[in-house]
Amino acid sequence: MLPDPQELVQHIAALHRETVDRWHTCEPDNPYDGLLATICQQHEFNFRLWHEEDVARSPKAPDQRIAAVKRAIDGHNQRRNDWIEKIDEALIQLLAGAGVLPRADAQLNTETPGSAIDRLSIMALRIYHLEEQLDRDEVDPSHTVKVSERLERCRVQHADLSHSLVELLDDIFHGRKLLKVYRQMKMYNDPTLNPYLYQAQRLAS
């Protein structure tokens, strides 16, 4: 049986919100099962990516540290994209298990549920860190106003995207929309496609 789209999106939003809060005090964990476990794993890569991006912009970080951080960012981003695909694959398995087939006139969407869930994950991180900015004591009132405006905008965007995801899932679950996994096919991590990698291998051999 397929989950109710509204309830599923509510669970996803709660997962994103609660784990972001918890992971700032402990190592990332994944206490979920099934589809939510896949979503949590994808969310973890966004969490790690967010914090490495902060380090990469530190003016005090030495070049060696920046190089290590950039490589970590590259790895986290690759896995983030890999797990977007895994979310869509998990949804396709749910559809197959429920015997749902797309209608003859089913149309594709410009974005898959996995991509929308990834955007919600990033939005949850942005909201958390904007809320954190409101708690700073050393800032002037203009900073607080700017952060408050951005926070409100992010909350509206999160609500809008959540509503759109509910509608997309409802269409997919009823066969009105077709779900396909779109492979990212990143070239920069492939040693056979990135010229810097395959040329380095050629020189080393």
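Quick notes on this one:
- Hey, residue 87 in contact with an Asp or Glu (Cβ under 7 Å, 6 or more places away or on another chain), at negative phi, of a type outside the set (Phe, Trp, Tyr) and open to solvent by less than 50 Å² (accessible area, probe 1.4 Å) or not: no
- Test: residue in the stretch 131-154 that is in a loop (DSSP other than H, G, I, E, B), at pLDDT below 95 and not charged (D, E, K, R): yes
- Residues being among the charged types (D, E, K, R), modelled with pLDDT of 70 or more and more than 12 Å from residue 114 (Cβ to Cβ) - total across the stretch 178-196: 0
- When residue 175 is tested against (1) closer than 30 Å to residue 98 by Cβ; (2) in contact with a helix residue (DSSP H, G or I) (Cβ under 7 Å, 6 or more places away or on another chain); (3) at pLDDT 95 or above, exactly one condition is not met: (2).
- Candidate set from the stretch 38-84 (those that are within 11 Å of the chain's Cα centre (by Cα) and of a type in the set (Asp, Glu)); member that is most open to solvent (accessible area, probe 1.4 Å): 82
The values are calculated or read from the model by the stated rules, or taken from the named source; none is laboratory data. Note that the coordinates shown come from a computational prediction; the quantities given were computed from them, not determined experimentally. Here the Cβ is made from the backbone with ideal geometry for all residues, glycine too, and neighbour counts use every protein chain on show. Protein only, heavy atoms only, side chains kept; ligands, DNA and RNA dropped before computing areas. Shrake-Rupley method; radii C 1.70, N 1.55, O 1.52, S 1.80 Å.
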